[in-house]
Amino acid sequence: MTNKMTKVEMFNAIKAVEGLTEDMVTFIDHEIELLQKKSLNKKATKTQEENIGIKAVIKSVLTDEGATVTEIQARDESLANLSNQRVSALLRQMIEAGEVVKTTDKKKSYFALAPVDTVED
């Protein structure tokens, strides 16, 4: 599977082609600038804002021992009202961010707080 190029990467690749006129290079630079400005102005959606709060609740109920999604949901009423799929998706995001670790035992997934790295001087 190949990674898709972003628009900025594509414009930079086009810009590297020999034989472009100065007007073409100016146009490409302008388009890259517009794309970069657009990415800086992005706001989180309502759902993304909600998910940040939900992740904080999940983090507050997690322990070092680990728990299944159902056990996590049982620890807080606001999580109990969510679907297992949504909590699982948020846990997956937290795993990717290094906040949570997942272990599997007999086809059951357990989630726990990621250990905090301690740096000794």
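In the structure shown, the pairs K15/K42; K42/K107; K7/K108; K4/K42 are assessed against 32 Å; a Cα-Cα span above that value is assigned to K42/K107; K7/K108.
Which residue, D105, D23, D64, has the most motion in a Gaussian network model of the chain that connects Cα atoms within less than 10 Å? In the Gaussian network model the winner is D23.
What's the center-to-center distance, using Cα atoms, between the stretch 27-44 and the stretch 81-111 in Å? First find each Cα centre; the distance between them is then 34 Å. With both labels modelled 7 Å from their Cα along Cα-to-Cβ, the E99 to T68 distance reads 2.4 nm.
Give the shape of the stretch 32-121 as rounded, prolate or oblate, defined through the alpha-carbon gyration tensor: a ≥ b ≥ c are the square roots of its eigenvalues, a/c under 1.5 means rounded, and otherwise the shape is prolate if a/b is larger than b/c and oblate if not. Oblate.
For the pair R75 and E31, the difference between a 0.36 nm per residue extended length and the Cα-Cα distance amounts to 10.9 nm.
The numbers here are math on the coordinates, done by the rules we state, and not lab data. A quick note: this is a predicted structure, and the numbers were derived from the prediction, not measured. Every residue, glycine as well, gets a Cβ built from its backbone with ideal geometry; the counts of neighbours run over all protein chains shown.
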